[in-house]
Amino acid sequence: MSELAIALSLPDTLESDVIRIRRELHAYPEVLFDVDHTTTLIVGLLRKWGLDVQHGVGKHFGKGIVGILHGAEPGETILLRADIDALPIQEEHQYPYRSQREGYMHACGHDAHTAMLLGAAKVLSQHREQIRGTIKFVFQPAEEGALLSPIDGRWISGGRDMIEDGILQGVSQSFAMHVWPDLPVGSIGIHEETAMAASCHFSVHFQGTSGHHSAPHLSSDAIIMAARFVNDMQIFMTTGINPSEAKVLSFGTLHAGTVKNVIAGESEVTGTFRAFRTETVERITRAIVDYAHSIACLHGGKATITQRTGTVLNNESSAVQTARKAAEPIFGKEHVLTLEQPFLAGEDFALYTQHRPGVFAFIGCRSPEATTAYPLHHPKFDIDEQVLLLGTKMHIQFALDALT
């Protein structure tokens, strides 16, 4: 059987298999590193198909999985990655396979990503005699966020956790996809260079002195500190960064005070910012620290800042060409799109491409019959399940072409 035939002549049950897997994952979403149900399912299937399975992967949290498939002949090692975590969002669909966990949902399509990669692992494991080299199937938790490491106190995402545990050792190319509701099912989009922004998270805790509203001069108002910080940072983003450059900073939470007639002694502001240039990321990072400290000092308080700096997701040219070559027989040349503008959203697959040549693609999941295409992270987000077989084929063909 030719390499192309492996990708295009698949078992009759494969589509129903990947749909079943996706629905099982969708019904039981798990977030960040709390993914034991998900990883149990993945490990069981990989072992059933005869792959070497490494579980408990991750230097800090140990929740990742790597399935390793050795071909019949020696060669290079390539990495295919899927993220497995969900979001703390209440699903609004009523499908039979809707989330069974109140307040949690696969609102970003990671259930689809995992099902597609598992489908590819099953097919490629059945054709290992025709594979030259090694394939690492990486199933990564905590793409949607990070936690403070119990080892060193740094903010650690799933990608960083697994990379620091050595999963990129020996890897020559890496590949991942994201379902994308802006594109119709049957299409795939690839950026030639920059694909996504550096997504950076921050938390600023202001410590003031509480007191009675009748004597504000004896207190240090943490709400005023937070309000001024929000205002001054937005002014900085408008006037301190070149207006022709794409960037965004938004605040997500503000917590302060306990009663209405007591000046708040503490407040906390959290948010994210995104940019495409490393220099801009560094400049905004410094501004957050400088503004927080100066505002706190001005009002007689203190500021504690915690930040997680993101990484720009850049595609590598040879990996882009491999992906385009793999995609054309699956989607048709006219449906392999060159995406001109990178997205301000962030992805920690950027950590993979920072260290190894790789490519991140966007696979269309919008149904042609859909009257409304709900965006990612929406409580009514859904996919056209035809994307699952296409994504499985894409993983297979990329692996074969990269190893050739």
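The values are calculated or read from the model by the stated rules, or taken from the named source; none is laboratory data. What you see is a predicted model, and the numbers here were worked out from it, not measured in a lab. Methodologically, a virtual Cβ is constructed for each residue, glycine included, from the backbone with ideal geometry; neighbour enumeration extends over all protein chains shown. Quick note on the areas: whole protein, heavy atoms, side chains included, nothing else; ligands and nucleic acids left out. Shrake-Rupley method; radii C 1.70, N 1.55, O 1.52, S 1.80 Å.
The stretch between R47 and T238, if pulled fully straight at 0.36 nm per residue, gains 63.5 nm over its current Cα-Cα span. With the simple spin-label model, which puts each label point 7 Å out from Cα in the Cβ direction, the A345 to E129 separation comes to 4.2 nm.
Largest first, the residues D401, D111 sort by 1.4 Å accessible area into D401, D111.
Calculated FRET efficiency, T404 to H355, Cβ-Cβ distance, R0 = 25 Å: about 0.60 to the nearest 0.05. Let me know the shape class of region 199-308, please: from the alpha-carbon gyration tensor, a ≥ b ≥ c as square roots of the eigenvalues, rounded when a/c is under 1.5, otherwise prolate if a/b is greater than b/c, or oblate. Prolate shape, in that a/c is at least 1.5 and a/b is the bigger ratio. Quick one: helix 222-239 against the long Cα principal axis of the chain, what's the angle to the nearest 10°, folded into 0 to 90? So the inclination is approximately 60 degrees. The label-point distance for A215 and D34, in a model that sets each label 7 Å from Cα toward Cβ, rounds to 4.3 nm. For A264, the residues whose amide H sits under 5 Å from its own are A222, I223, ignoring neighbours fewer than 5 places away on the same chain, with H placed 1.01 Å from N. Taking the DSSP beta bridges with both ends in the chain, the antiparallel portion is around 65 percent. Among the protein heavy atoms, those of Y104 account for about 70 Å² of accessible surface (1.4 Å probe, every chain in place).
For the residues E73, E144, E91, a GNM of the chain with alpha-carbon springs under 10 Å puts the largest fluctuation on E73. What the phi angles of region 191-206 give under the Karplus curve with 6.51, -1.76 and 1.60, with θ = phi - 60°, is a coupling list of 7, 6, 10, 6, 10, 9, 7, 6, 9, 10, 10, 9, 9, 10, 10, 9 Hz, glycine and proline written as x. Angle of helix 110-125 to the longest C-alpha principal axis of the chain, folded into 0 to 90 degrees and rounded to 10: 30°. For the pair region 343-404 / region 157-230, the C-alpha centres are spaced 21 Å from each other. Rounded if a/c is under 1.5, else prolate if a/b beats b/c, else oblate: with a ≥ b ≥ c from the C-alpha gyration tensor eigenvalues square-rooted, which is region 42-175? Oblate shape, in that a/c is at least 1.5 and b/c is the bigger or equal ratio. Here the spin labels are modelled as points 7 Å beyond Cα on the Cα-Cβ line, and at I305 and V230 they lie 1.9 nm apart. Which option, (i) 101, 52, 33; (ii) 83, 46, 43; (iii) 67, 45, 40, is the value of Cα extents along the principal axes in Å that was calculated from these coordinates? Of the labelled values, this structure produces (ii). Do the alpha carbons of any pairs in K260/K380; K247/K380; K136/K380 sit beyond 31 Å of each other, and which pairs? Over 31 Å Cα-Cα: K260/K380; K136/K380.
Subtracting the Cα-Cα distance from 0.36 nm times the residue separation, let me have the gained length for C297 to S250 in nm, one decimal.
The C297-S250 span can extend by a further 14.6 nm.
Counting only heavy atoms of the protein chains and using a 1.4 Å probe, E268 has close to 70 Å² of accessible surface.
Remark: accessible surface ordering of V259, V31, V179, V289 (largest first) is V259, V289, V31, V179, probe radius 1.4 Å. Could you give the angle, 0 to 90 degrees to the nearest 10, between helix 386-403's Cα long axis and the longest principal axis of the Cα atoms of the chain? Once rounded, the angle reads 80 degrees. Looking at the chain as a GNM with Cα springs under 10 Å, which of T309, T253, T134 has the largest mean-square fluctuation? So, out of T309, T253, T134, the one fluctuating most is T253. Taking all protein chains as shown and a probe of 1.4 angstrom, W155 keeps an accessible surface of around 80 Å². List the aspartates and glutamates whose Cα sits under 17 Å from the Cα of K325, skipping any in the same chain fewer than 8 residues away. Here the aspartates and glutamates satisfying the reach criterion relative to K325 are E3, E192, E193, E316, E334, D401.
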